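Just below is one structure, and these are the notes that go with it.
The values are calculated or read from the model by the stated rules, or taken from the named source; none is laboratory data. Being a predicted model, the structure only gives us computed values, none of them experimental. Cβ placement follows ideal geometry from the backbone for every residue including glycine, while neighbour counts extend to all protein chains displayed.
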Amino acid sequence: MTSLIAAAVVFVLIHLLISGTRVRDALVLRMGAGPYMGLFSLASAAVLVWLGFAFGEARVSPVNEALWGVTPATRHIQLLIQLVAVLFIVVGLTTPNPTSVRQEGALDRPDVVRGMLRVTRHPFLWGVAIWALGHLLVNGDAASLVLFGSMLALALFGTASIDAKRRRVLGAKWDAFAVQTSNAPFLAIVQGRQRLSLGEIGWWRIALGVVIWAALLWGHPYITGVAALP
């Protein structure tokens with residue numbers, strides 16, 4: 001369990017204390033954007049592998065206590081939660097977005113705030129947060145709390161970290177984009193600053209998300225050794 005906690009802490013901190021701060025700015029200035037991205041991606045992948053192996057060991061450890069139980073109802077609710085999560089992730093990854101890596105140039109498009117960006121300017125990270133929250137619902141052991149809890153925290157704090165980073169670099173351009181959008185899903189729509197348009201999101205993106213969700217349900221036992229379907 002100690003290794004899992006250490007891996008989770010390192011994974012969260014390298015993103016929140018390096019990637020989203022002035023430390024990143026200094027490193028980019030010193031070594032260039034390309035080398036920085038390469039080294040940071042390599043470090044992130046290495047820690048993620050460590051996290052995965054540590055979770056596997058902690059999951060079967062005798063000290064891994066069950067903190068809450070799982071019911072048939074929560075298992076069914078989890079399936080719907082994961083559908084929402086996958087839709088946010090898939091649509092987010094396939095939508096041009098100035099909050100994504102090396103896509104700041106999307107701000108130059110007059111119609112940048114379209115589709116999923118009307119819902120949230122951080123669809124991918126909110127998808128990860130919903131994915132983690134759903135897994136916490138049906139995994140009540142301590143090891144899962146560390147793994148999925150750290151992913152949930154990173155995704156939520158990561159949205160604010162990216163906002164701060166983009167504001168530092170892009171200034172007024174970013175402010176004009178941020179005032180038209182919201183971090184929290186649907187907030188800009190509720191406040192009347194945006195409207196929901198499923199057609200703009202793209203029906204092919206929604207269909208792709210549903211297909212990937214179904215494929216993950218089917219393949220879950222082969223990927224993780226645990227059945228996703230009740």
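When Val86 is tested against (1) part of a helix (DSSP H, G or I); (2) within 18 Å of Ser182 (Cα to Cα); (3) among the β-branched types (Val, Ile, Thr), exactly one condition is not met: (2). Checked against (1) in contact with an Asp or Glu (Cβ under 7 Å, 6 or more places away or on another chain); (2) surrounded by 13 or more Cβ atoms within 10 Å (Cβ to Cβ); (3) of a type outside the set (Ser, Thr, Tyr), Ala66 meets all criteria but (2). Looking at this structure, is Trp131 crowded, with 18+ Cβ neighbours inside 10 Å and touching a Pro at 6+ places or on another chain (Cβ under 6 Å)? In short, no. Between a first residue in the stretch 31-48 that is within 24 Å of Ala8 (Cβ to Cβ) and a second residue that is of a type in the set (Gly, Ala, Ser) and modelled with pLDDT of 85 or more, which pairs have beta carbons less than 7 Å apart while being 6 or more apart in sequence or on different chains? Within 7 Å, the pairs are Val47/Ala7. With respect to Ile206, determine if the residue is modelled with pLDDT of 95 or more, assigned by TED's automatic domain parsing to the domain that holds Gly127 and either polar (S, T, N, Q) or under 19 Å from Val86 (Cα atoms) (or both). So Ile206 fits the description; yes.
Screening Val47 on (1) surrounded by 12 or more Cβ atoms within 10 Å (Cβ to Cβ); (2) at pLDDT 90 or above; (3) over 22 Å from Ser161 (Cα atoms) shows it passes everything except condition (3). Only one of the listed residues (Gln180, Gln194) is surrounded by 12 or more Cβ atoms within 10 Å (Cβ to Cβ) and either in contact with a Lys or Arg (Cβ under 6 Å, 6 or more places away or on another chain) or of a type in the set (A, V, I, L, M) (or both). That residue is Gln194.
Residue-by-condition table, conditions (1) outside the structural domain of Ala215 (by TED's automatic domain parsing); (2) of a type outside the set (A, V, I, L, M):
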| residue | (1), (2) |
| --- | --- |
| Ser19 | yes, yes |
| Val23 | yes, no |
| Val28 | yes, no |
| Thr74 | no, yes |
| Ala85 | no, no |
| Ser100 | no, yes |
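If you check Gly92 against the conditions, is it touching a Gly at 6+ places or on another chain (Cβ under 8 Å) and exposed (fewer than 15 other Cβ atoms within 10 Å of the Cβ)? Against the criterion (touching a Gly at 6+ places or on another chain (Cβ under 8 Å) and exposed (fewer than 15 other Cβ atoms within 10 Å of the Cβ)), Gly92 does not qualify. When Ala142, Ala164, Ala155, Ala172 are checked against the criterion of being closer than 30 Å to Gly105 by Cα and in contact (Cβ under 8 Å) with a residue 40 or more places away in the chain, a single residue qualifies: Ala164. Counting just the residues of the stretch 95-119 that are charged (D, E, K, R), farther than 26 Å from Arg24 by Cα and surrounded by fewer than 20 Cβ atoms within 10 Å (Cβ to Cβ), which one comes out nearest to the chain's Cα centre (by Cα)? Only one residue tops the list, namely Arg114.
Checked against the criterion of being surrounded by 14 or more Cβ atoms within 10 Å (Cβ to Cβ) and either of a type in the set (D, E, K, R) or within 18 Å of Lys165 (Cα to Cα) (or both), the candidates Ile5, Ile18 yield just one match: Ile18.
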